[in-house]
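**Q** Input: one structure, supplied below.
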Amino acid sequence: MIIRIIYIFCFLILNANFLVSKEVNVFSSRHYESDYKLYDFFTKKTGIKVNVITGKSKLLEKRVIEEGSSCKGDLLILADAGRMGSAESKGLFQKFNSDILKKKIPENLRTDYWYSIAKRARIFFYNSANIKNKDLKNIDYLDLADEKWNGDILIRASNNIYNQSLVAYMIEVYGEKKATEWIKGLVKNMARSPQGNDRAQILGVAAKEGKIAVANTYYHSLMMSGKKGTEQKKAAEKVSPIFPGQNSKGTHINISGAGLLKHSPNKKNAIKLLEFLLSDKAQKHIVNNTFEYPISQNVNPHPIVSRMGKNFKENNTISISSYFKWQSKAYKIMLENGWK
Ligand SMILES: [Fe+2]
């Protein structure tokens, strides 16, 4: 009898272990090799294996929708608050409660459905051989429409999500009417028809094709690091950053974010991973490899990023969830006013 009880007991214990899932499935639009190393840290710490599927955000979104309740994805990780908002609006995420995430992530950088894991700022770059620093003192996003910058602004196309989020931000801060006037002036001031990515705008300023480039902070740091080759490093060295809005509303911030998918089969593990991404160790690893800004106050940016600017004034008075709210309106106004 006793042997039988022991046998049943052992059987139950063993099966209980099998029932506890030891994996988590991440769908990510981030293309950083370093993210895999980050997941390895997590696996070593917890024993939970991380399976990663990468792809463009729209394709990942489509896949999650099509697979519905049979979708095996647990966490969806995307760059840009506009994209996170898009996924939220389609009902892709589920709410959950995490005091850790609430404590670590400022309120304006999360919603009930998704959380920021790293930050970036969309700022200006100039070539001091081309323009004097004093001319840029206290410059603001609104100044991009000032006629004194006629033919001087380098910025990428309107179909780019970073620009759509910037315009959405302008609508949120200044209202649709003022934002529309701003776009009109900005389009008039463009140095060329929008072309290339953010790094191409920085290269343009280095080559004096324009005086002010608009780009995300990490692109310049990436060029400075030499990871994009000597030519780009040399170009980046010719260029200086300037954080707009320091004397007004602050600098426009955007994020990389993550949300728990609605039909997540490994919910506990997914929450554990998300909380891990906000740990100091993970934050340090992220910013040291991607040149983004940390969310955690305990972690410093990469030294190259710190040199660019560490203690600038962010606009943290509005929620970044507003970028999606105005996204389609922003794109419509951009196209209507000639932003190619
Ligand atoms: Fe990017």
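**Q** Hey, what do the phi angles of the range 160-174 turn into as Karplus ³J(HN,Hα) couplings, whole Hz, using 6.51/-1.76/1.60 and θ = phi - 60°, x for Gly and Pro?
**A** Listing the rounded values in order: 7, 4, 4, 6, 4, 5, 5, 5, 4, 4, 4, 5, 4, 7, 10 Hz.
**Q** W149: net charge of surrounding residues, Cβ under 13 Å, Lys/Arg +1, Asp/Glu -1, itself excluded?
**A** Taking every other residue near W149 into account, the sum is -3.
**Q** What value in Å³ per residue do you get for the convex hull of the alpha-carbon atoms in the range 69-220?
**A** Numbers: hull volume 21.7 nm³, N = 152.
In the range 69-220, the Cα hull volume divided by residue count equals 143 Å³.
**Q** Using only alpha carbon pairs under 8 Å that are at least six residues apart, calculate the relative contact order of the chain and give it in whole percent.
**A** Result for the chain is 28 percent.
**Q** Can you tell me which aspartates and glutamates have their Cα less than 19 Å from the Cα of K137? Leave out same-chain residues fewer than eight positions away.
**A** Excluding near neighbours in sequence, the set is D146, E147, D152, E314.
**Q** Moving on to the next point. Any number yet on Rg/Rh for the range 245-327, C-alpha, Kirkwood?
**A** Checking Rg against Rh, the ratio lands at 1.03.
**Q** Check which residues have an amide H placed less than 5 Å from S225's amide H, if you skip close sequence neighbours.
**A** The list, which skips near neighbours in sequence, is empty: none.
**Q** Nearest 10 degrees is fine. How inclined is helix 57-67 to the longest principal axis of the chain, computing both from alpha carbons?
**A** Approximately 30 degrees, to the nearest 10.
**Q** So between K134 and N197, what do we pick up on full extension, going 0.36 nm a residue minus the alpha carbon distance?
**A** That works out to 19.9 nm of additional length.
**Q** Per residue, how much accessible area does the range 280-338 have with a 1.4 Å probe, in Å²?
**A** Accessible area per residue, the range 280-338: 51 Å².
**Q** Could you work out the local net charge near V52, counting Lys and Arg as +1, Asp and Glu as -1, over the other residues with Cβ closer than 15 Å to its Cβ?
**A** +1
**Q** Next question. Compute and list, largest first, the equivalent-ellipsoid semi-axes of the range 168-231 from the alpha carbon gyration tensor, each √(5λ) rounded to a whole angstrom.
**A** They are 28, 15, 7 Å, listed largest first.
**Q** So, one more: Helix 280-290 versus the longest principal axis of the chain: what angle, 0 to 90°, nearest 10, using Cα atoms?
**A** 40
**Q** Something else: Using modelled backbone amide H atoms (1.01 Å from N, in-plane), which distant-in-sequence or interchain residues come within less than 5 Å of K119's amide H?
**A** Those lying under 5 Å, H to H, from K119 are S256, Y293, I295.
**Q** Considering only DSSP beta bridges with both partners in the chain, what is the antiparallel share in %, to the nearest 5?
**A** Percent antiparallel among DSSP bridges in the chain is about 65.
**Q** Next question. Output ³J(HN,Hα) for the range 22-34: one whole-Hz value per residue in order, computed from phi by the Karplus curve 6.51 cos²θ - 1.76 cosθ + 1.60 with θ = phi - 60°, and x for Gly and Pro.
**A** So the Karplus estimates, Gly and Pro as x, are 10, 8, 8, 10, 9, 9, 9, 9, 6, 10, 8, 4, 4 Hz.
**Q** Which order, highest average first, do 59-72, 158-171 follow once you tally other Cβ atoms within 10 Å for each residue and take the mean per peptide?
**A** Ranking the peptides 59-72, 158-171 by packing returns 158-171, 59-72.
**Q** Note the full-extension length gain between I65 and S319 as 0.36 nm times their separation in residues minus their Cα-Cα distance, in nm to one decimal.
**A** Length gained, I65 through S319: 88.8 nm.
**Q** With axes computed from alpha carbons, what is the tilt in degrees of helix 267-277 against the longest principal axis of the chain, rounded to the nearest 10 within 0 to 90?
**A** Between the helix axis and the principal axis of the chain, the angle is about 40 degrees.
**Q** Whole-Å semi-axes of the chain's equivalent ellipsoid, largest first, each the root of 5 times a Cα gyration tensor eigenvalue?
**A** Here the semi-axes work out to 42, 21, 17 Å.
**Q** I've got another one for you. Can you compute 3J(HN,Hα) from phi for each residue in the range 114-121, using the Karplus curve 6.51 cos²θ - 1.76 cosθ + 1.60 with θ = phi - 60°, rounded to whole Hz and x for Gly and Pro?
**A** With coefficients 6.51, -1.76 and 1.60, one gets 8, 9, 7, 10, 7, 10, 9, 10 Hz.
The values are calculated or read from the model by the stated rules, or taken from the named source; none is laboratory data. Just so it is clear, the structure is predicted and the values come from calculations on it, not from any experiment. FYI the Cβ positions are ideal-geometry reconstructions off the backbone, even for glycines, and counts take in every protein chain you see. The area values use the complete protein model at the heavy-atom level, side chains included, leaving out ligands, DNA and RNA. Shrake-Rupley method; radii C 1.70, N 1.55, O 1.52, S 1.80 Å.
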